[in-house]
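Student: My structure is below; once you've seen it, I'll send some questions.
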Amino acid sequence: MGRVWNKVSCWLAGLAGCMILSSHLMVAASEEHPEIHVIIDVSGSMRHNDPDQLAAEALELLVALVPTGARAGVWTFGERVTNPLPVAPVNQEWRDRAGTLAPLLVDYEQFTDIESAVRRAASAEPAGDRRHLLLLTDGVIDLPAWRGSKPTIDQASRAALLEEYAPRLAEEGVVVHAIAFSEEADLDLVERLAQTTGGLSAPVTEPDALLTAFLDIVDRIFPSDGVPVTDERFVIESGLRGFTALLFRGEESATLVGPDGRRYSADSPPEGAAWRSESRYELIQVPDPQPGQWRLEGDAGQKSRITVEAPLRLSTSGVPSTLYLGFDVPIEAWLAREDEPVGADELPAHLRLTAELRGEAGVVQSAVVLRQEESRFVGRLPAPALGGTAHFMVRAEGQGFRRQRSQAVNVLPAIAARHDEGSQAVVLTAEHPELDRHNTRLFGQLQGLQLDAEPQAERRWAMPLPELNTMLSVPLVLRAEVTLEGEVRELPLPRLVLHPSVATAIDQVDAAAALDVTRFHEELSPVREPRETSSPLPEPIERAGRQVQALPRIAQERWREWRPVMARPLEDAIRNPRQGWMVLAGGSLLLLLAGAILWRMASHRRRSGAREEPHV
């Protein structure tokens, strides 16, 4: 326990600084903040699954980031559910009381009653219509045996939470966000609870991942405007009330360089600024900043962000927390001043808005340029290409104006599939709310055999499987035909691997031995001259050929990034006949050149690859 209490002591020291800083943090002005009900697991399993006290760090960060005036409360649960910090407005008194909670987070209990904890926290008397529950747990329901036979009581509690109570919370507008602290957690419970209620979920096993997941949730609850950081530089326009820099740091502490060249650090912050330096991040709030280009020095991570408080804000219509493969995303954005939309005549000159979806690695999956309709900007983001966690971002750029707003989203297949080995069938469930047995047909292909799925319920199907060799892992290719608004389309579904734990996969069997044919003639002809394999083509033509052959792959990778930039010039070319003929002629010339090079190389390969008769 010594290590744990040392951790708690550090947490308390950090908490004091965060409480001072948080009273000055800037969040976009709003008449009504949503409520946050934090639910922290203190069961015995958390002793093993959260040895580094990540839950305490999450609470510390919450105290730093929740704006003054919001309403928040804290619950802890194991076998019992307690409410050590009731819901109240966040002020200095609330922060002082939050500072006394550290010992409770290591007062572990033997069992884990997640259902009761969610019910108690959700049923607390609300002050408004917007409630967010933040569940921090290892995600394993474990009830005491005196309540009934195990594991029946655990399974019944899990089913009641997911199938009965979560849909009711969704109807009431209560959003549940969940963070799981272990790879052994019931991730399906965490994900389904968040998905049903419109929240975010994330597995966390290290502090850096916790920080990222927690910030994603805070951004969802308290959306804020940011400015882009390019080459460790960002521009602060005149008239801003201030900016907040959250810098993910490495070994070196960060340094801010102002537009006038002055250097600032934790030891010498800008005048009136609050600078909090932690082991993994630095949180800096600068009021009334000097306009111009600022620069970051030090080991600032790629996920560092700069948020601003300004009279003119970027607003978007509600983007769902869950997107689905195969479904476009409608987007509407506008600028607002003091929560009132700005008229078209008040917009910055040359204003242009774009939207994009980036995967976990930062690669753009899809993008679109929004078209202006009076004072609003609308468009449809092309369907996501990959599942998992992604970030949806809207950027606005105009004369003297740059803003961006980013929110984390979960990208899921529209149809979920799992292999039920007991019934020797694949069970498919509609995840997208518009899909059901009346508008969706499901098919599969298994080793050349066509399979059909039969409806079992309104949003569930079963696909019977033939008898399979359980010693082989085989892929099942799935597809869906969906009819929506009179249009029939095919949806991409992830491939389902049957018996994935088996070491041998049927599509991964090593066939090298079968293709290794003994060449007797080569062994019996040691004096034979080797066949010339070098190309007589000049090196520039060979290099150009290789580049042309790589064009399809490169174009596919770059098209999504180029499309927002190229859309407007192409539209202008189509409207202008003379410019359109020039674009067409240039494209045709490039195609002819590429075709000539490929034909020349193919002809050479045919001549140099003449077949020789084998001999012994």
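Student: Is it fair to say E183 is in contact with a Pro (Cβ under 8 Å, 6 or more places away or on another chain) and within 30 Å of Y281 (Cβ to Cβ)? Spell out the reasoning first.
Tutor: On the way: in contact with a Pro (Cβ under 8 Å, 6 or more places away or on another chain): yes; within 30 Å of Y281 (Cβ to Cβ): yes.
Criteria met by E183.
Student: Looking at (1) open to solvent by less than 10 Å² (accessible area, probe 1.4 Å); (2) touching a residue at least 60 places away in the same chain (Cβ under 8 Å), find the lone condition where A202 falls short.
Tutor: Failed condition: (1).
Student: Please go through the stretch 235-257 and pick out each residue that is open to solvent by 60 Å² or more (accessible area, probe 1.4 Å), assigned to a loop (DSSP other than H, G, I, E, B) and in contact with a strand residue (DSSP E or B) (Cβ under 7 Å, 6 or more places away or on another chain).
Tutor: Hits for the stretch 235-257 are R241, S253.
Student: Out of the strands (runs of 3 or more DSSP E) lying entirely within the stretch 399-504, which hold 2 or more residues that are among the charged types (D, E, K, R) and open to solvent by 80 Å² or more (accessible area, probe 1.4 Å)?
Tutor: Numbers: elements: 401-412, 415-420, 425-430, 440-446, 449-452, 454-457, 460-464, 474-484, 487-492, 496-498.
The strands (runs of 3 or more DSSP E) meeting that bar are 487-492.
Student: If you don't mind, another one. Condition test on P223, is it touching a residue at least 60 places away in the same chain (Cβ under 8 Å), under 16 Å from the mean Cα position of the chain (by Cα) and within 28 Å of G400 (Cα to Cα)? Please lay out each step first, then the result.
Tutor: Values: touching a residue at least 60 places away in the same chain (Cβ under 8 Å): yes; under 16 Å from the mean Cα position of the chain (by Cα): yes; within 28 Å of G400 (Cα to Cα): yes.
In short, yes.
Student: Next up: Looking at the stretch 326-397, what strands (runs of 3 or more DSSP E) fall wholly within it and have at least 1 residues that are among the aromatic types (F, W, Y) and within 14 Å of S315 (Cα to Cα)? Break it down stepwise before answering.
Tutor: Values: elements: 329-337, 352-358, 364-369, 371-373, 376-381.
Of the strands (runs of 3 or more DSSP E) lying wholly inside the stretch 326-397, those with at least 1 residues that are among the aromatic types (F, W, Y) and within 14 Å of S315 (Cα to Cα) span 329-337, 376-381.
Student: Going by the structure shown, is E191 surrounded by fewer than 16 Cβ atoms within 10 Å (Cβ to Cβ), charged (D, E, K, R) and farther than 23 Å from P289 by Cα?
Tutor: no
Student: Looking at A408 and the list (1) touching a residue at least 24 places away in the same chain (Cβ under 8 Å); (2) not assigned by the TED database to the domain that holds A390, which single condition is not satisfied?
Tutor: (2)
Student: Tell me, yes or no, whether the stretch 140-161 has at least one residue that is part of a loop (DSSP other than H, G, I, E, B) and either touching a strand residue (DSSP E or B) at 6+ places or on another chain (Cβ under 7 Å) or within 23 Å of T389 (Cα to Cα) (or both). Before the answer, list the steps.
Tutor: Filtering the stretch 140-161 down to residues part of a loop (DSSP other than H, G, I, E, B) leaves 140-141, 143-144, 148-151.
Applying the additional criterion that residues be either touching a strand residue (DSSP E or B) at 6+ places or on another chain (Cβ under 7 Å) or within 23 Å of T389 (Cα to Cα) (or both) yields 140-141.
Yes: the stretch 140-161 contains one or more residues that are part of a loop (DSSP other than H, G, I, E, B) and either touching a strand residue (DSSP E or B) at 6+ places or on another chain (Cβ under 7 Å) or within 23 Å of T389 (Cα to Cα) (or both).
Student: Another one. Given E374, E338, E346, E360, which one is modelled with pLDDT under 90, open to solvent by 40 Å² or more (accessible area, probe 1.4 Å) and more than 27 Å from E434 (Cβ to Cβ)? It would help to see each step written out before you state the result.
Tutor: Values: E374 fails: modelled with pLDDT under 90; E346 fails: modelled with pLDDT under 90; E360 fails: more than 27 Å from E434 (Cβ to Cβ).
That would be E338, the only listed residue that is modelled with pLDDT under 90, open to solvent by 40 Å² or more (accessible area, probe 1.4 Å) and more than 27 Å from E434 (Cβ to Cβ).
Student: Please name all residue pairs, on different chains or six or more residues apart, with Cβ atoms under 6 Å, provided the first residue is in the stretch 265-294 and is closer than 25 Å to A58 by Cβ and among the acidic types (D, E) and the second residue is open to solvent by less than 20 Å² (accessible area, probe 1.4 Å) and not in a strand (DSSP E or B).
Tutor: The qualifying pairs are E282/A254.
Student: Additional query: Could you tell me how many of the residues in the stretch 239-254 are modelled with pLDDT under 90 and more than 27 Å from the chain's Cα centre (by Cα)?
Tutor: Our first condition is that a residue be modelled with pLDDT under 90; within the stretch 239-254, this holds for 239, 246-254.
Checking which are more than 27 Å from the chain's Cα centre (by Cα) leaves us with 239, 252-253.
Result for the stretch 239-254: 3.
Student: Inspect the stretch 278-285 for any residue being buried (at least 20 other Cβ atoms within 10 Å of the Cβ), at pLDDT below 90 and not aliphatic (A, V, I, L, M) and give the result as yes or no.
Tutor: So in the stretch 278-285, the residues buried (at least 20 other Cβ atoms within 10 Å of the Cβ) come out as 281-285.
This time we only want the ones that are at pLDDT below 90, so: 281-283.
So of that shortlist, the ones also not aliphatic (A, V, I, L, M) come out as 281-282.
Scanning the stretch 278-285, I find at least one residue that is buried (at least 20 other Cβ atoms within 10 Å of the Cβ), at pLDDT below 90 and not aliphatic (A, V, I, L, M), so the answer is yes.
Student: Which residue out of R305, R295 is of a type in the set (K, R), open to solvent by 40 Å² or more (accessible area, probe 1.4 Å) and within 17 Å of D219 (Cα to Cα)?
Tutor: On the way: R295 fails: within 17 Å of D219 (Cα to Cα).
The match here is R305.
Student: Can you confirm whether the stretch 226-233 contains a residue that is of a type outside the set (F, W, Y), open to solvent by 60 Å² or more (accessible area, probe 1.4 Å) and in contact with a Phe, Trp or Tyr (Cβ under 8 Å, 6 or more places away or on another chain)?
Tutor: yes
Student: Taking the options V66, V106, name whichever one is closer than 21 Å to F214 by Cβ, β-branched (V, I, T) and surrounded by 20 or more Cβ atoms within 10 Å (Cβ to Cβ).
Tutor: Values: V106 fails: surrounded by 20 or more Cβ atoms within 10 Å (Cβ to Cβ).
Among V66, V106, only V66 is closer than 21 Å to F214 by Cβ, β-branched (V, I, T) and surrounded by 20 or more Cβ atoms within 10 Å (Cβ to Cβ).
Student: Moving on. Run E171 past the list (1) in a loop (DSSP other than H, G, I, E, B); (2) within 23 Å of V409 (Cα to Cα) and report the number of the one that doesn't hold.
Tutor: (1)
Student: Next up: Among what's in the stretch 146-185 and is open to solvent by less than 70 Å² (accessible area, probe 1.4 Å) and without any contact (Cβ under 8 Å) to a residue 12 or more places away in the chain, pick the residue that is farthest from L211 (Cα to Cα).
Tutor: My answer is G148.
Student: Among the numbered criteria (1) modelled with pLDDT under 90; (2) buried (at least 17 other Cβ atoms within 10 Å of the Cβ); (3) in a helix (DSSP H, G or I), which one does T196 miss?
Tutor: (1)
Student: Going through the stretch 22-70 one residue at a time, which ones are modelled with pLDDT of 80 or more and within 27 Å of the chain's Cα centre (by Cα)? Spell out how you get there, then give the answer.
Tutor: Just the residues of the stretch 22-70 that are modelled with pLDDT of 80 or more, to begin with: 34-43, 66-70.
P34, E35, I36, H37, V38, I39, I40, D41, V66, P67, A70 - these are the residues of the stretch 22-70 that are modelled with pLDDT of 80 or more and within 27 Å of the chain's Cα centre (by Cα).
The values are calculated or read from the model by the stated rules, or taken from the named source; none is laboratory data. Keep in mind that what you see is a predicted model, and the values were worked out from it rather than measured. Every residue, glycine among them, receives a Cβ derived from its backbone with ideal geometry; neighbour counts consider all protein chains shown. Heavy atoms of the whole protein, side chains included, go into the accessibility calculation; ligands, DNA and RNA do not. Shrake-Rupley method; radii C 1.70, N 1.55, O 1.52, S 1.80 Å.
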